[in-house]
Structure formats: C-alpha cells, structure tokens
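The values are calculated or read from the model by the stated rules, or taken from the named source; none is laboratory data. Quick caveat: nothing in here was measured; it's all calculated off a predicted structure. Because the Cβ atoms are built from the backbone with ideal geometry, glycine has one as well, and the counts that use them run over all protein chains shown. Remember, those area values only see protein heavy atoms, side chains included, never the ligands or the DNA or RNA. Shrake-Rupley method; radii C 1.70, N 1.55, O 1.52, S 1.80 Å.
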Amino acid sequence: MLDLKIINGMSVKGEPIEIGIKDQKIVEVAPLVDGEALNVIDALNQYVSYGWIDSHVHCYEKMNLYYDFPDEIGVKKGVTTVIDAGSTGEDNIKDFYLLAKEAKTNVLALMNISKYGIIEQDELADLSKINEVKNKERIEELSDFIIGIKARMSKTVVGNNNVIPLEMAKTLQSQFDRLPLMVHIGSAPPKLEDVLSLLESGDIVTHCYNGKLNGILNEEGNVKEFVREAYQRGIVFDVGHGTDSFNFNVAKEAIKEGLLCHTISTDIYHRNRENGPVFDFTTTLEKMLAMGFSLEATIEMVTKNPANTFHLSSKGELAVGMDADITIFTLNEQEKKLTDSNGNELLIQKCITPTKCVVSGNVYEIGDSYVDL
C-alpha cells in the first residue's frame, strides 16, 4: 500500500499525471496510478510539479542583516527546498545546521568563505577572516548540509581587496571534486570582466539581470561580449532577484539576445519579503513568465536545473526513486502589477498560486498557516 497518492493532477505540459509515494520516495508516476494509499490528495486538475527549489535565500534567523525563517519562505509558499546563499561562515554554520533541522522545509546551505558570514556588509574586506583550513574542515564535517560556497564580489563587500577573495574561494573549491561556487555580482570594483575571467563551467553568477553599471549590458544596452563568452563556456546564470538586483529591461534584452538564466531564485529575506519587491517565490516566477519564458521552462529552472547545478541527485524530477517533494499549484488569468528592484512596473495577466506541497512525503496546505495532514 502506498503512503500517499496524488490523483487528478496535470503536468506542466498539460498532460494527466498521478504520483505514488512510499517511504518518502516517489515510487510511481503515470497518467493513472492504481492501488490504495493511506492518504490521497485530489489535485483537482491543478498543476503538479516536482517540489520547487529556491537556490538563493537567507534564512538563518539569528542574523541581523539578512535573515528569515525557512518555513516562512519555504513550505508556506510552496517551496520544498531552500538553499541559504552564504549567510553563515565556518564559525556559525554549525549552529545554523542544527537550527535548520527543525524546519519542515528542506534547508541546505552555501557556506560563506568569510568566518562569520554576513554579519557585516563588508565581510570580505578583511582577508584574515578567510581561513582555508577551517573552511575545508567545516565543509567536510557538514557535507550533507553544505552543498557549495559563496563569495560576494561587489565594492561594499570586498573593500580594497578587488578579486583576491574570489581567488581564495577558487583555491578552496579546487580541493573538492564537485563543489559549486556561487558568486554575487554588484558594483565595481571588482569589475565584472575580472570576476567572470576567474570563473569556470559550473560556477554560478547570481543577480545576473541586475540594473547596475557593472552589470551584463554595455552602454548601448546590449550584452557585453565577455559576458556572452562566459555564458557560452558554461557559467551558470542565476536570477537572485533581491532588493536591488533584478531589472525588467536588463532581463528582456538579455533574454532577447539568448542569454537565458539557468536558475530562478529570490534572494529573499524578511525585509524584501514583507516590503517587496520580492514578496515570495511565486512573484519572481510570475516575472519570469512575463519575460517570455513558458511555464514548462520556468518550472524546470526551479526544479531540474538547480538540482543539477548543486548536484542534488535525488531531487528535481518527477521520477521513480526521487525524494517525495511535490508542489501543486494553479495558473490563473488575473491582472497584477509587479515591480522590479529599480521601481519599474509591469502589468501581468497570469498569476501562480501554490495550493499544497509535499516534503519527504509530508503534506502541507499553503496559506497564512499550514498544518500536517
């Protein structure tokens, strides 16, 4: 007997889909799943996708600058897995790990190469806070939680150190077989060209569609040639919306020129969740639909693509043997005004609403409060 069966669902391709779950794993995916189950969810012809993965959040609740609570941005919003992007470093990530275990949402982390993470805006201005030996030890100790490293490369973060912290991050990364590196890009120095020149295939650039002078577009409003070259050699481009890092016009031009993001993430924390412009995961998804991506492509960028980018081999696809993480949602015709990080507004006609999600076989209703079923 199945533990859980999802019936009468619709895939993002618009095809009938039902899912059987047992022992926290997906055991059957088909247009019709036979057999009895202890619990049944009737999806009522709503969309059923693999559980959404937000690959850039800040959810270590003990921080002062950028923080939130995993379930506020996770299961309450239809997101089954969140990846904290560098809130903590080797000194405090163990406490984060213990705290994250209490969340209903799957929580994973990219460790900041700076000792304490983002307790101050300029965490990479003091190179003495970057200890390669201790960083390596912590990554090995918490290998089930730390799935990559983070380095923020912008003027307010690195001080006078330019790309030196990034070079140190690459040295640390080189000591592991497959350790993703996410790099935040912002104001110069360091120059974007210098940052991208140090990155390799599989490295992640977040805030790819920001509207800053040191961004991906040149003065004529076209994609810079060195950015195109970096993209073509396999650097992963991530949205990382954030308070100040997503611009409609930049995104439109980049997409028009074929520079498509690989992953969609929010860079959400309590302030831009409460006051905008991020608000929640679905708002960022709606913005990407408005940029011209299909629903199928959009969902792939928050399921299969981040799972592949961060080597999450048991997540990302509705397939037998995968972790039982599912998001059920609707796509409705509804007018809504969206705002980017620079105050530009866009009126959309299609809105996404998650209604239920499943994490490791446990079902959660979406809303202001959630309960186990």
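Contact map, segment 10-25: first residue under 17 Å from S314 (Cβ atoms) and of a type in the set (G, A, S), second residue modelled with pLDDT of 95 or more and outside any strand (DSSP E or B), Cβ cut-off under 7 Å, separation 6 or more or different chains; pairs are G20/V33.
Among residues of segment 91-113 that are more than 24 Å from C357 (Cα to Cα) and open to solvent by 30 Å² or more (accessible area, probe 1.4 Å), those with a Cβ under 8 angstrom from a residue that is at pLDDT 95 or above and β-branched (V, I, T), sequence gap 6+ or separate chain, pair up as D95/T88.
Looking across segment 236-263, the residues that are farther than 28 Å from P70 by Cβ and either at pLDDT below 95 or open to solvent by less than 10 Å² (accessible area, probe 1.4 Å) (or both) come down to F248, A254, L259. Of all residues in segment 264-282, at least one satisfies being under 14 Å from the mean Cα position of the chain (by Cα), in a helix (DSSP H, G or I) and surrounded by 19 or more Cβ atoms within 10 Å (Cβ to Cβ). Taking the criterion of being outside any loop (DSSP other than H, G, I, E, B), open to solvent by 30 Å² or more (accessible area, probe 1.4 Å) and within 30 Å of D84 (Cα to Cα), the only residue of segment 30-71 that qualifies is Y47. In summary, helices (runs of 4 or more DSSP H) completely within segment 115-219 and bearing 1 or more residues that are modelled with pLDDT of 95 or more and closer than 20 Å to T88 by Cβ occur at 132-141, 155-158, 164-173. The set of residues in segment 90-114 that are of a type in the set (A, V, I, L, M, F, W, C) and in a strand (DSSP E or B) comprises V107, L108, A109, L110, M111.
Evaluating G343 against the criteria (1) part of a loop (DSSP other than H, G, I, E, B); (2) open to solvent by less than 20 Å² (accessible area, probe 1.4 Å); (3) not hydroxyl-bearing (S, T, Y) leaves one unmet condition, (2). Among all residues of segment 233-253, there is none that is touching a residue at least 60 places away in the same chain (Cβ under 8 Å) and more than 27 Å from L199 (Cβ to Cβ). Examine segment 210-220 for a residue that is under 22 Å from L110 (Cβ atoms), touching an Asp or Glu at 6+ places or on another chain (Cβ under 6 Å) and in contact (Cβ under 8 Å) with a residue 40 or more places away in the chain, and state whether such a residue exists. No, that holds for no residue. Once segment 223-235 is narrowed to residues that are in contact with a helix residue (DSSP H, G or I) (Cβ under 8 Å, 6 or more places away or on another chain) and under 26 Å from N344 (Cα atoms), the residue that is surrounded by the most Cβ atoms within 10 Å (Cβ to Cβ) is V227. Give me the residue from segment 283-324 that is among the polar types (S, T, N, Q) and outside any loop (DSSP other than H, G, I, E, B) and, out of that set, farthest from V239 (Cα to Cα). If we take residues in segment 283-324 being among the polar types (S, T, N, Q) and outside any loop (DSSP other than H, G, I, E, B), then N308 is farthest from V239 (Cα to Cα).
Among residues of segment 285-310 that are closer than 15 Å to H56 by Cβ, those with a Cβ under 8 angstrom from a residue that is among the aliphatic types (A, V, I, L, M) and in a loop (DSSP other than H, G, I, E, B), sequence gap 6+ or separate chain, pair up as L285/I264; L285/V302; M288/V239; M288/I264; M288/M301; M301/I264; V302/I264; P306/L312.
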